[in-house]
1. Below 15 angstrom from the Cβ of Ser182, what's the summed charge of the other residues (Lys, Arg +1; Asp, Glu -1)?
2. Please list 30-37, 194-201 highest first by mean number of surrounding beta-carbon atoms within 10 Å per residue.
3. Per residue and in Å³, how big is the convex hull formed by the alpha-carbon atoms of segment 64-117?
4. Calculate, in nm to one decimal, what Gln172 and Asp210 gain on full extension: separation in residues at 0.36 nm each, minus their alpha carbon distance.
5. If one computes the Cα centroid of segment 22-63 and of segment 123-154, what distance in Å separates the two points?
6. Over the chain, consider all pairs of different Cα atoms and compute the Kirkwood hydrodynamic radius from their mean reciprocal separation; express it in Å, one decimal.
7. Computed over the Cα atoms of segment 155-224, what is the convex hull's projected area averaged over all directions, in nm²?
8. Which percent, nearest 5, of DSSP beta bridges in the chain are antiparallel?
Amino acid sequence: MYKDIYVLLDALSNSNIKARINSNLTVLDKRKLTRNLGILSRVDTTIDHIDPEINDKIRGFSEKTMSNLRWFKSKNIPLEITIPLSKKNCFDIERIYLELRKLKPKEIFIQPVDIFTKSLDEDYSLASLGKAELKIILDRLKPWARDYHRTRELGLMRNYYLKDKFPEGDCQMKKDLFVIDSDGAVYPCFHRHDLRCGNIYSDPPKSIMDDLAIKQNSIDIKKCFGPKCIPLF
Ligand code: SF4
């Protein structure tokens, strides 16, 4: 958790601005958070597995994450959980999903991982699995797609993994979203750091937005699309 989060929440407490926390929730000062729970609109976290020993090997501290998630749930703060779908958890994905669903999160995202480091990619990415295994895994996502209205997303995964087909149309990053990093740098997409469009601390807003429009327009999704992009279509 960002160390000054409690100061930021204090500063927002007299405004109309709502805050979202995105964290692994392993370090939480509940006493300080309780001061401003009313301004939290959502708490987002990422969980790889519900078996602590497996999750701990991938991400760490799952007991703390789960107990803090339950605490937020008890305070009626809406939850959002992302489950990265990887070789480490894919055959258990239905069990993981059904367990996490008991917390009644507002959203559960199941997102195939896409890692550009070759050795890590072999360990994590689904790309090296055979089509028969991929079909079994994708079938296990049906309850999630049904409950969270993700049928389209599951269809895109099927197209990509089973039929080698790209989505039609443009992703949201090409159309109407952009990213400002913590250092102020602006990019059209989280995954396109090669398309930097200036910095909010040093460049005029108009020049940034003009450059952004040019760079967004230059994106050819067939060249940069990967499984990680599926939720953005
Ligand atoms: S296709 Fe993927 S990597 Fe390319 S701009 Fe869209 S979201 Fe980003």
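1. -1
2. In decreasing order of mean packing, 30-37, 194-201 become 194-201, 30-37.
3. 93 Å³
4. 11.9 nm
5. Using only Cα atoms, the two centres lie 25 Å from each other.
6. Value: 19.7 Å, from the Cα pair sum.
7. 5.2 nm²
8. 20 percent
Read the figures in this text as sums done on the coordinates, not as results from a lab. This is a predicted model, so every value here is computed, not measured. Don't worry about glycine lacking a Cβ; one is built from the backbone with ideal geometry, like all the others, and counts go over all protein chains shown.
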